[in-house]
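Everything below concerns the one structure shown next.
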Amino acid sequence: MRTEGMKGVSRRALLAAGGALLPALAFRRARAEDTAPLKVGVLCDFSGNYADDTGTGLLLAVQLAAQDIGKVLGRPVSVIYADDQNKPDVGTGIARRWLDEEGVQAIVCGSASSITLAVADLVRDRNRIMLISGSMSSDLTGKACRPTSFQFGFDTYASARAVVGPSIAEGLKDWYFINVDYAFGHALKKDAEGFVKQGGGSVVGSTAFPLGTADFSSFLLQAQASRAKAVALACGGNDWTNLVKQAHEFGIGKGGQTLISIASGFNEILAAGLESAQGMMLSTPFYWDMNDGTRAFAKRFMAGHKGVAPNWQQACGYSAMAHYLEAVKAADSTAGDVVAKAMRAAKVTDFTVDGAAIRADGQVMRPAYLAQVKSPAESKNSNDAFRIVRTISAENTWRPAADSPCPLLSRT
């Protein structure tokens, strides 16, 4: 009896003690979650065609933003990263693991558009945030817009709009397109063709090439045979660089045809060389040598990036990360829908833009710039590649809300 009584007392005591511990354990878990790092993942190409455009440079820019903002809601910010290898299955697999197993609250995506379109659905379904900086399909803020996705960089509509009109005005009426054969290239070509027709020009032909093509001779021969005055390049990364180099070797310019870059960037120009790309017109939402603010950021960036200045993808990655973290502070929450509301409520203000509103489709309404590639004689240093020709207002850069297929935009 005594033993049974003691066992009974011990059991009751244990149960009572366990019950008393439950609130304490729950409190400790909550405290641990409150002080655990806020995780943001950078998902992009670190080893392939677009590695120079995004890669280590985009990662560095995001890390600098986290460093500048500091702790958020009392939590340190942890930036993780992964190479999506430009493969949708690899990119979506990484994003799913981050969201479901590793507690990532936001993904900065500079991937191929096919990857970003798929990841945007995962992010929405898990009520997290997608920060787009480098993926350019206009579908991301069009028919595939998502309430928790934000486009901080350029898209195919804006990039094409800024260069096609001025080129037609210069007398380039007949166009031939060479585009990369996946979502980004097709969207870029489609948007650019629309502006050609709106401007009174005509598209006389086109050809598409696989991502990562090394020999462009057959595509360039078709472009030459078309006799089009404008040969438009709808691609980016190493593809663009190799295409421009080979076009220079083929004497495209000497034959009376003009190369038009529908979506090139700073790194592609540097890789192709000013000798091959000089005089080419392009558009960009950022250039490192525009003002004191852009130059100050570039100095910090170059110190950690082997002396290479930031491109628009990387600068917009900084802008996206900084705005997101400030919105988390303002919302006092990491829940995607709550943070998204705070992001739209505040204007984007940093060295890339001074007070840009965010539309309901997630588009940051920043201006664009028409730029011309300098000649080797004009360039003062290895990063001195562009001359800014004009500023294009946000209203004349992005697709008008009334023309957008995004269901998040009001039609009233």
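The values are calculated or read from the model by the stated rules, or taken from the named source; none is laboratory data. Keep in mind that this is a model prediction, so the values were computed, not measured. We place every Cβ from the backbone using ideal geometry, glycine too, and count neighbours over all the protein chains shown.
Looking only at residues that are in contact with a helix residue (DSSP H, G or I) (Cβ under 8 Å, 6 or more places away or on another chain) and farther than 13 Å from Met290 by Cα in segment 379-396, which one is surrounded by the most Cβ atoms within 10 Å (Cβ to Cβ)? The residue in question is Ile392.
Got a sec? Which of Phe209, Phe184 is in contact (Cβ under 8 Å) with a residue 40 or more places away in the chain and among the aromatic types (Phe, Trp, Tyr)?
Details: Phe209 fails: in contact (Cβ under 8 Å) with a residue 40 or more places away in the chain.
Residue meeting the stated conditions: Phe184.
Report, by residue number, each residue of segment 131-187 that is in a strand (DSSP E or B), more than 16 Å from Asp361 (Cβ to Cβ) and of a type in the set (A, V, I, L, M, F, W, C). Matches in segment 131-187: Trp175, Phe177, Ile178, Val180. Among the residues of segment 188-224, those identified as in a helix (DSSP H, G or I), out of contact with any helix residue (DSSP H, G or I) (no Cβ under 7 Å at 6 or more places or on another chain) and farther than 21 Å from His248 by Cβ are Lys189, Lys190, Glu193, Gly194, Lys197, Gln198. Just to be sure I understand, how many residues within segment 367-408 are within 15 Å of Ile269 (Cα to Cα), touching a Ser or Thr at 6+ places or on another chain (Cβ under 8 Å) and small (Gly, Ala, Ser)? Residues that pass the stated criteria total 2. Summed over segment 230-277, residues that are among the β-branched types (Val, Ile, Thr) and in a helix (DSSP H, G or I) total 3.
Among the criteria (1) hydrophobic (A, V, I, L, M, F, W, C); (2) without any contact (Cβ under 8 Å) to a residue 60 or more places away in the chain; (3) not assigned by TED's automatic domain parsing to the domain that holds Ala277, the one Cys406 does not fulfil is (2).
The residues listed here are Gly212, Gly237, Gly251, Gly256; of these, the one that is touching a Phe, Trp or Tyr at 6+ places or on another chain (Cβ under 6 Å) and at positive phi is Gly237.
Gln257 passes every criterion in (1) farther than 29 Å from Leu409 by Cβ; (2) surrounded by fewer than 21 Cβ atoms within 10 Å (Cβ to Cβ); (3) not aliphatic (A, V, I, L, M) apart from (2). Could you check how many residues of segment 289-345 are polar (S, T, N, Q) and in contact with a Gly (Cβ under 6 Å, 6 or more places away or on another chain)? Final tally of qualifying residues: 3.
Only one entry of Ala330, Ala322 meets the criterion of being touching an Asp or Glu at 6+ places or on another chain (Cβ under 9 Å), among the hydrophobic types (A, V, I, L, M, F, W, C) and modelled with pLDDT of 95 or more, and that entry is Ala322. Please verify whether segment 279-298 includes one or more residues that are crowded, with 24+ Cβ neighbours inside 10 Å, closer than 21 Å to Tyr369 by Cα, in contact (Cβ under 8 Å) with a residue 24 or more places away in the chain and among the aliphatic types (A, V, I, L, M). Looking for residues that are crowded, with 24+ Cβ neighbours inside 10 Å, closer than 21 Å to Tyr369 by Cα, in contact (Cβ under 8 Å) with a residue 24 or more places away in the chain and among the aliphatic types (A, V, I, L, M), one finds at least one in segment 279-298, hence yes. Exactly one residue out of Asp361, Asp332, Asp337 is crowded, with 17+ Cβ neighbours inside 10 Å and under 21 Å from Ile129 (Cα atoms), and it is Asp361.
Please go through segment 361-412 and pick out each residue that is over 20 Å from the mean Cα position of the chain (by Cα) and in a strand (DSSP E or B). Residues satisfying the conditions are Gln372, Val373, Phe386, Arg387, Ile388, Val389, Arg390, Thr391.
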